[in-house]
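First comes the structure, then the notes that go with it.
The values are calculated or read from the model by the stated rules, or taken from the named source; none is laboratory data. Because the structure is a prediction, the values reported are computed rather than measured. Counting neighbours? That spans all protein chains shown, and the Cβs are built from the backbone with ideal geometry, glycine included.
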Amino acid sequence: MIVRDEERFLGEALESVHGIVDEICIVDTGSSDATLEIARRAGARTHEIAWEDDFSKARNVALSMASKRWILVLDADERLSPRSREMLAELGSQPAHLTGLWVRIYNFTADYKGSGAMSNALVRIFPNHQRIRYRNKIHEFVALDEAETGMPAILSPVEIIHFGYQADVMLERKKYERNLRLAEQALRTNSSDAFHWYNYGTSAMLAEDPSTAIVAFERMRDLNLATLRERGDGRVQAFIPNGLCLLARLYLDAPDGAPRAESLTREVLTYAPTYGDAHFLLGKALVAQRRFVEAREAYVAAIDDGKFVHLHPSIDNEVPIWKAHSEIGATLMQEGGYELAIAWFDFALAARPKVQPVRLNRARAFERMGRFDE
């Protein structure tokens, strides 16, 4: 782990792995609160270093402290899912080759005032080997022999729960400003790296600077297209579909941006045909153009894509669970199909009963049918 001023979260993170890890190695980059005391009380070995605006450097110091066969990387604002404890405990006896494990990380938010999560897959479990180290100052990833493509890894059922993207936590830590600054530094080092533009775009988007984010994601897209022309094999880097979906979302919020958003989501689906986020945003782009029948087809496809959530590195898990159902209901409302709209809202509420916009839309549908007692 690398930490700094994490007294709010650290204790629970360490408790989530208590009894199933052999050692805890923590690098502190300048805490002024009780972080180190909490770590040492949990039996962690700690090392203090100065923060140098480089996540990989700090993480690699932590890796150098480890002495066991396997490494699990956990952040202070994360928890190992309780249902993953047993499988992680069994891993310690398995031989470690130069292959890591993809772990699904659920980023919990109060989306639409209901419970929900975006998720992303990262290699967080890997052998303890000097050839395996982190690279990139921000949005760092673990790599074998510093490879730009990371390291060989296989899917695993291990899950981590992350709370750090909740709005109050981000504001408290001033993550927006820090991440944007580090992303700018990375671009100054290498402005022809599409991944750096992706990181810059996501940081600008989180900092509520949509014009900068659009420029960044468009540059990411241009570099991706240039790479595709050069290689000629149609394969894209794993972050590209998500980056293009984020760009489409920005255009949906811009005046007259729906046609561009539609074009982008259709482009994504040529790379990732089962990517639910792309079908969902395609539906929104079609709704903005009042093409409701086509929009519903896109939303149904997004629901069907739920079978493939595990295949995508970054995805909104809530789309196939309730969001697409809600949007289908909303399109039916616009066409006067209130009875059928209510059925779709009920599907959504069966999965997420507390989502306020769905409850309100359901109430409006009853109201428009004159059924005020329901």
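Among the conditions (1) modelled with pLDDT under 95; (2) surrounded by fewer than 16 Cβ atoms within 10 Å (Cβ to Cβ), the only one that Leu180 does not satisfy is (2). Selection over region 204-235 of residues that are surrounded by fewer than 22 Cβ atoms within 10 Å (Cβ to Cβ) and under 18 Å from the mean Cα position of the chain (by Cα) gives a count of 4.
Of the set (1) crowded, with 20+ Cβ neighbours inside 10 Å; (2) among the basic types (Lys, Arg); (3) part of a loop (DSSP other than H, G, I, E, B), all apply to Lys68 but (1). Remark: pairs (first residue in region 150-163, over 15 Å from Tyr106 (Cα atoms) and assigned by TED's automatic domain parsing to the domain that holds Arg8; second residue in a loop (DSSP other than H, G, I, E, B) and of a type in the set (S, T, N, Q); Cβ separation under 6 Å; 6+ apart in sequence or on different chains) = Pro152/Thr99.
A Cβ distance below 8 Å, combined with a sequence gap of six or more or placement on separate chains, defines the contacts here; from region 327-343, residues that are of a type in the set (Ser, Thr, Tyr) reach residues that are surrounded by fewer than 19 Cβ atoms within 10 Å (Cβ to Cβ) and not in a helix (DSSP H, G or I) in the pairs Tyr338/Met369. Summed over region 4-59, residues that are among the aliphatic types (A, V, I, L, M) and either part of a loop (DSSP other than H, G, I, E, B) or not assigned by TED's automatic domain parsing to the domain that holds Glu90 (or both) total 9. Checking each residue in region 188-203 for being surrounded by fewer than 23 Cβ atoms within 10 Å (Cβ to Cβ) and over 10 Å from Phe239 (Cβ atoms) picks out Arg188, Thr189, Asn190, Ser191, Ser192, Asp193. When the test is whether a residue is part of a loop (DSSP other than H, G, I, E, B), of a type outside the set (A, V, I, L, M) and modelled with pLDDT of 95 or more, His129 passes it. Within region 203-255, the set of residues being under 21 Å from Tyr275 (Cα atoms), modelled with pLDDT under 95 and either out of contact with any helix residue (DSSP H, G or I) (no Cβ under 6 Å at 6 or more places or on another chain) or aromatic (Phe, Trp, Tyr) (or both) comprises Leu228, Asp233, Gly234, Arg235, Gln237, Ala238.
When Arg359, Arg352, Arg296, Arg371 are checked against the criterion of being exposed (fewer than 14 other Cβ atoms within 10 Å of the Cβ) and either in contact (Cβ under 8 Å) with a residue 24 or more places away in the chain or over 30 Å from Gly243 (Cα atoms) (or both), a single residue qualifies: Arg371. Scanning region 219-241 for residues that are of a type in the set (Val, Ile, Thr) and under 11 Å from Ser192 (Cβ atoms) yields a single hit, Thr227.
Cβ-Cβ contacts under 7 Å between residues 6 or more apart (or on different chains), taken from a first residue in region 84-103 that is in contact (Cβ under 8 Å) with a residue 24 or more places away in the chain to a second residue that is buried (at least 16 other Cβ atoms within 10 Å of the Cβ) and assigned to a loop (DSSP other than H, G, I, E, B), are listed as Arg85/Ile20; Leu88/Ile20; Ala89/Ile20; Gly100/Met151.
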